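> One structure, as structure tokens, below. Some questions next.
The values are calculated or read from the model by the stated rules, or taken from the named source; none is laboratory data. Quick caveat: nothing in here was measured; it's all calculated off a predicted structure. Positions of Cβ are backbone-derived with ideal geometry, glycine not excepted, and every protein chain shown enters the neighbour counts. Areas reflect the complete protein model, heavy atoms only, side chains present, ligands, DNA and RNA absent. Shrake-Rupley method; radii C 1.70, N 1.55, O 1.52, S 1.80 Å.
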Amino acid sequence: MAKGLDELLDEVESKFCRPDPFCLGKVERSGGCSGGGGILSNDWNRAEAKENLRSTETFKKEDDLDSLINEIFEEPNFNKKPFKLKPKSSGNTSVRACIQDLGKSCSPVYLGGSTVPCGVGTTTSQSSFSLNRACDHLRCISCDFWVVSYNDYMWDKSCDYLFFRNNMPEFHKLKIKLVKKKGTRAYACQCSWRTIEELTDLQTDHQLRWICGKH
């Protein structure tokens, strides 16, 4: 019976009192595991090992986080290339020239009969060559109206200021004072009117407040 009891104790000891790999040195120094004391020692050693493992993983994560932050705040080393402006194409020059043409003014400003072509009147200083064109973009700086003109018409002598004041710029109202005459051109704004037969420089008529409104 004593032999059977020894075998049972050996079996219990082999199952419940195996030395833990983390505390093998401690078990050997304490003279082996015996009873409940050995089980408590093993549990304590396992808890300590787990805590050490957690601390190691925490330190590793903190190191990785520090490395990531350093990478973010590091100044990137880009190869900076000088910025070069593209040369202006010839197309831009032509477009600019067209825009300038649209903003031209007559110099000098001409009035003319129906035989005088309309357009931009200019005189070049080098050859004194002039384009004899009657300005068709006249504007009055007194009444702030655009000047209208009618080819092969003249104004009736009965026209007065109130007539133009009340009827400008409606042609169906103005035509009752227009008289057919070939070669003439009738001009009018809301405050002034003229009948012109020949090419006339606007500066010679000091009563008119008309200017070229640009073409």
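> Sticking with the crude label model, points 7 Å out along Cα→Cβ, report the distance from residue 159 to residue 207 in nm, one decimal please.
According to this spin-label approximation, the distance is 1.2 nm.
> How much of the accessible area of the stretch 122-211, probe 1.4 Å, is carbon plus sulfur, in whole percent?
Details: 2770 of 5780 Å².
Roughly 48 percent, rounded to a whole number.
> Taking the radius of gyration and the Kirkwood hydrodynamic radius from Cα positions alone, what is the Rg/Rh ratio for the stretch 142-215, to two decimal places?
Details: Rg = 11.9 Å, Rh = 12.8 Å.
Result for the stretch 142-215 is an Rg/Rh of 0.93.
> Now for a different question. Suppose each label sits 7 Å from its Cα in the direction of the beta carbon; what would the residue 67-residue 141 distance come out to in nanometres?
Rounded to a tenth, the inter-label distance reads 8.0 nm.
> Quick one: accessible surface of residue 214, probe radius 1.4 Å, all protein chains present, in square angstrom to the nearest 10.
Residue 214 exposes around 110 Å² with every protein chain in place.
> Right, next: Could you give the size of the charge dipole of the stretch 130-192 about its Cα centre, using +1 on the Cβ of each K and R and -1 on the Cβ of each D and E, expressed in debye and rounded to the nearest 20? Intermediate results must be reported in sequence, preceding the final value.
Values: 11 positive and 6 negative charges, 51 e Å.
Dipole size: approximately 240 debye.
> Which whole-Hz couplings ³J(HN,Hα) result when phi for each residue of the stretch 203-215 is put into the Karplus expression 6.51 cos²θ - 1.76 cosθ + 1.60, θ = phi - 60°, listed in order with x for Gly and Pro?
5, 6, 9, 6, 7, 7, 10, 9, 9, 6, x, 6, 9
> Kindly report, to the nearest 10 Å², the accessible surface of residue 141 as traced by a 1.4 Å probe over protein heavy atoms only.
The accessible area comes out at roughly 100 Å².
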